[in-house]
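Only one structure is covered here, and it is reproduced in the block below.
The values are calculated or read from the model by the stated rules, or taken from the named source; none is laboratory data. Worth saying up front: this structure is predicted, and the values here are computed from it rather than measured. Cβ sites come from the backbone with ideal geometry, for glycine too, and all protein chains shown count toward neighbours.
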Amino acid sequence: MYPDLVVRCAPLPVGATRCETPVVIVEVLSTSSAQRNLTRKKYAYHSIPTVAAIVYVSQREPWVDIVRLTEHGWAYGYVEGMGAVLELPEIGVAVPLALIYEDVAFEPAPAEE
C-alpha cells in the first residue's frame with residue numbers, strides 16, 4: 001500500500017523505492033479512495049511501529065483529520081477552515097490549511113431539502 005505522502009526523519013537508502021519507517025503518513029481522500037483509505041489502509045498504517053501521525057486531507061472542503069499515536073492509543077482530531085493550521089509536532093511543522101488548499105476550487109455543497 002502506498003500513501004499519497006510520507007515523512008520520515010532520515011534519508012532513504014540509495015535505490016529505495018518505498019519508505020519502511022514513515023513518521024507521518026498523508027492520504028488525500030477522494031470519493032473513490034475514502035473507504036479504502038479509512039479502513040484497510042488505516043489498519044495497515046496502525047501496524048507500522050514508526051508511525052506517529054496519519055493525516056487525512058479532504059478534497060471537498062478545507063478539512064483535515066489527524067490520527068495520532070499517544071501513550072493511550074490512537075487519538076482522533078481535526079482542523080477545519082481556511083484560517084486553521086495543521087500542527088504536526090511529530091516533525092516540527094505547522095502548515096496553514098490555506099496553503100494546503102491554495103488554488104483549490106471547492107464544489108458548492110448540495111442544497112438541503
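Do we find a residue being part of a helix (DSSP H, G or I), modelled with pLDDT under 90, aliphatic (A, V, I, L, M) and surrounded by 11 or more Cβ atoms within 10 Å (Cβ to Cβ) anywhere in segment 30-39? Looking for residues that are part of a helix (DSSP H, G or I), modelled with pLDDT under 90, aliphatic (A, V, I, L, M) and surrounded by 11 or more Cβ atoms within 10 Å (Cβ to Cβ), one finds at least one in segment 30-39, hence yes. Restricting VAL67, VAL51 to residues that are under 25 Å from LEU99 (Cβ atoms), without any contact (Cβ under 8 Å) to a residue 40 or more places away in the chain, assigned to a loop (DSSP other than H, G, I, E, B) and β-branched (Val, Ile, Thr) narrows the list to VAL51. Taking the stated definitions as given, is SER30 of a type in the set (S, T, N, Q), closer than 30 Å to GLU107 by Cβ and out of contact with any strand residue (DSSP E or B) (no Cβ under 7 Å at 6 or more places or on another chain)? So SER30 passes the test.
Condition check: touching a residue at least 24 places away in the same chain (Cβ under 8 Å), more than 30 Å from ASP103 (Cα to Cα) and either basic (Lys, Arg) or surrounded by fewer than 16 Cβ atoms within 10 Å (Cβ to Cβ) (or both). Does HIS46 satisfy that? The answer is yes for HIS46.
Here is a yes/no grid of residues against (1) in a loop (DSSP other than H, G, I, E, B); (2) modelled with pLDDT under 95:
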{"position": "GLU27", "(1), (2)": "no, yes"}
{"position": "LYS41", "(1), (2)": "no, yes"}
{"position": "LEU86", "(1), (2)": "no, no"}
{"position": "ALA111", "(1), (2)": "yes, yes"}
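Contact map, segment 1-15: first residue in a loop (DSSP other than H, G, I, E, B), second residue of a type in the set (A, V, I, L, M), Cβ cut-off under 6 Å, separation 6 or more or different chains; pairs are MET1/ALA44; PRO3/ILE25; ASP4/VAL26; ASP4/VAL28; ARG8/VAL23; CYS9/VAL23. Only one of (1) touching a strand residue (DSSP E or B) at 6+ places or on another chain (Cβ under 9 Å); (2) at pLDDT below 85; (3) among the acidic types (Asp, Glu) is not met by GLU20, so which one is it? Of everything listed in (1) touching a strand residue (DSSP E or B) at 6+ places or on another chain (Cβ under 9 Å); (2) at pLDDT below 85; (3) among the acidic types (Asp, Glu), GLU20 misses just condition (1). The single residue among CYS9, CYS19 that is exposed (fewer than 14 other Cβ atoms within 10 Å of the Cβ) and more than 14 Å from the chain's Cα centre (by Cα) turns out to be CYS9.
Tell me, please, whether a residue that is surrounded by 10 or more Cβ atoms within 10 Å (Cβ to Cβ), among the acidic types (Asp, Glu) and within 17 Å of ILE25 (Cβ to Cβ) can be found in segment 59-72. There is at least one residue in segment 59-72 that is surrounded by 10 or more Cβ atoms within 10 Å (Cβ to Cβ), among the acidic types (Asp, Glu) and within 17 Å of ILE25 (Cβ to Cβ).
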